[in-house]
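These notes are about the structure you will find just below.
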Amino acid sequence: KTKYSKLIFRKSDTVPEELHQMVQESFLALREHNCFFQDLVRIKGKDFLTPVSRILIGNPGCTYKYLNTRLFTVPWPTEGCDIKYCSPQIHDACKALMRLNDYLHVEAVKALQGQNLFETKEIKATAEIDREQSIDTSLTEQGSVSKDQSSVCVPEDDRSLKNRTSYNLTLLNYMDPLEMLYLKQEPYFGMGNMAVSWHHDENLVERSTVAVYNYSCEDSALQGSHEQELRGRDPAVWHVGLKVAWDIETPGLAVPLHQGDIYLMLDDLNMTHQHCVLAGLSPRFSSTHRVADSSRGTLEYILGQCELALQNLQTDSDSMALSLKSLEAAVVKQVEEIHNEVEFEWLRQFWFQGKRYLRCTDWWLKPMAKLEEFWRKLEIMTSLVLSEVRKEQPIEEQRNETISCFLLLLKERQKLRKEWTAR
């Protein structure tokens, strides 16, 4: 109640049966169409395949980055957005997950409102006890204490609650533990096999809630054989593990997950705590709904960056020759940084792993063609800077500054190209 108060657990019977059916059918349909993929992630300069297979579904043009790998959403059906799916089943699956997303948003808002109400009552109760205990203190001191405490429990406005629960995507996970030759053991509390090691979820809006729907394909015979009382966790059942970050003295928590159960990690729990997933014996799906930080992770953002960079390119009306408007260090630096971002955060990330999503939809092909077109213009802009740099002119201080920052970014580009080629 004190260390894990921001973990909210909902049993499957609290969720509408119709929603269960839609979501569980969507998991199976996506698996049938081979839409789950192991990600090649980069940790400390080395590439690893994730034991869990995943697919990202969400708002059109959204991406999610974790462990140096950018995933691109298979868009769910959005009004005003033309999305062609490879099959009607994939369309229906994406639609069902969007329904689940809406449901979890409402549940998360309710849970946060409940938590805020509870905290407000706790603060008021504490203030009342403090007032009774400090009867001898002066009236002025009492006034200041009351004032300080009342400022703590200002209710959070609805807009803030909605912002931190308006999920823009879900990362779906699938794993059959019997297909895994080796799973790591949980190292601190002896919790058994881990499907996913201890971690914080990355790339999220600060203090946003994470909502998870669990679907473990439990065999009824297997379930029945493990109903006897066991000490510790039942190894046949999937669990979510939680612990206080950087603390192994406080006991960890392992919560059993059955078919259709839901849990919410409210407020700052994802930052103050770490979580892991403990493998059971049956295959398991989960849908993990997140408010991804989209400040630099949407198609709209990167296209806007490209437009910004190309403002420095001009075409002569007579000769049609291309030239740069400015060679100021700050302008050149901005353009070359955008050049690197387009190439390494978007184009290479997409063609490295993103093209597998063509099994679901071809939605990303047009935006990628547009980004490639921008990239070719950015390459021309780089060559125009090089032409200027090579001119035999007296080195002025301003020109020297431009050359220095330009060369730094070119070296970074060369290094990254070598890394990507090696991968």
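The values are calculated or read from the model by the stated rules, or taken from the named source; none is laboratory data. Source: prediction; values computed, not measured. Note that each Cβ is placed from the backbone with ideal geometry, even for glycine, and that neighbours are counted across all protein chains shown. These area figures cover heavy atoms from the full protein model, side chains too; ligands, DNA and RNA do not enter into them. Shrake-Rupley method; radii C 1.70, N 1.55, O 1.52, S 1.80 Å.
How much length would be gained if the chain were fully extended between D247 and T14, taking 0.36 nm per residue of separation minus their Cα-Cα distance, in nm to one decimal? List each step's numbers first, then the result.
Values: separation 233, 0.36 × 233 = 83.88 nm, distance 3.31 nm.
Extra length from D247 to T14 when fully extended: 80.6 nm.
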Using a cut-off of 17 Å between alpha-carbon atoms, which lysines can reach K370, once sequence neighbours fewer than 8 places away in the same chain are excluded?
K355
Normalised by the number of residues in the chain, what is the relative contact order in percent for Cα pairs under 8 Å and 6+ residues apart?
20 percent
Any chance you could get the radius of gyration and Dmax over the Cα atoms of segment 249-324, in Å?
24.6, 75
Computed [θ] at 222 nm, deg cm²/dmol, the chain (DSSP H ≥ 4; -39,500 (n - 2.57); rounded to nearest 500)
-13500 deg cm²/dmol
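Let me make sure I get this right: for segment 299-422, a, b and c are the square roots of the gyration tensor eigenvalues over alpha carbons, sorted descending. Under 1.5 in a/c it's rounded, otherwise prolate if a/b > b/c, else oblate. Which is it? Walk me through the intermediate numbers first.
On the way: a/c = 2.67, a/b = 1.69, b/c = 1.58.
Prolate, because a/c is 1.5 or more and a/b exceeds b/c.
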Mind listing the long-range amide H neighbours of L281? Cut-off is under 5 Å, sequence gap 5 or more, other chains count too, H placed in the peptide plane at 1.01 Å from N.
V237, W238
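I need the semi-axes of the equivalent ellipsoid of the chain: take the C-alpha gyration tensor, multiply each eigenvalue by 5, square-root it, list largest first in whole angstrom.
On the way: eigenvalues 404, 203, 90 Å².
Output for the chain: semi-axes of 45, 32, 21 Å.
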Using the Karplus curve 6.51 cos²θ - 1.76 cosθ + 1.60 with θ = phi - 60°, what ³J(HN,Hα) values do you get for each residue of segment 252-268, in whole Hz, with x for Gly and Pro?
x, 10, 10, 9, x, 10, 10, 3, x, 6, 10, 9, 10, 9, 7, 6, 9
Quick one: 3J(HN,Hα) in Hz for segment 163-170, Karplus 6.51/-1.76/1.60 with θ = phi - 60°, rounded, Gly and Pro as x.
4, 8, 10, 7, 5, 9, 6, 10
Rounded to the nearest 0.05, what FRET efficiency is calculated for L117 and N203 with R0 set to 35 Å and r the Cβ-Cβ distance?
0.70
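How much of the accessible area of the chain, probe 1.4 Å, is carbon plus sulfur, in whole percent? Let's see the in-between values first.
Numbers: 12020 of 22670 Å².
With neighbouring chains kept in place, the figure for the chain is 53 percent.
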Can you give me the relative contact order of segment 299-422 as a percent, contacts being Cα pairs under 8 Å and 6 or more apart?
37 percent
If you count only protein heavy atoms with a 1.4 Å probe, what accessible area per residue comes out for the chain, rounded to a whole Å²?
54 Å²
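For a protection proxy built on the mean count of beta-carbon atoms within 10 angstrom, sort 251-259, 350-358 highest first, please.
251-259, 350-358
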If each part is reduced to its alpha-carbon centroid, segment 10-39 and segment 304-361 end up apart, in Å, by 39 Å
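Using 0.36 nm per residue of separation minus the Cα-Cα distance, give me the extension gain between L407 and D293 in nm, one decimal.
Values: separation 114, 0.36 × 114 = 41.04 nm, distance 3.11 nm.
Residue separation times 0.36 nm, minus the Cα-Cα distance, leaves 37.9 nm.
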Long pairs among K6/K243; K44/K377; K325/K391, criterion Cα-Cα beyond 23 Å
K44/K377
Please report the spacing between the Cα centers of segment 46-109 and segment 362-376 in Å, no decimals.
20 Å
Cβ crowding within 10 Å averaged over residues, with 330-343, 196-209, 38-51 ranked highest first
330-343, 196-209, 38-51
Kirkwood Rh over alpha-carbon pairs of segment 21-83, then Stokes-Einstein at 20 °C and 1.002 mPa s: what D in µm² s⁻¹, rounded to an integer?
160 µm²/s
Per residue of segment 209-215, in order, report the coupling 6.51 cos²θ - 1.76 cosθ + 1.60 (Karplus, θ = phi - 60°) as ³J(HN,Hα) in whole Hz, putting x for Gly and Pro.
7, 10, 10, 10, 9, 10, 9
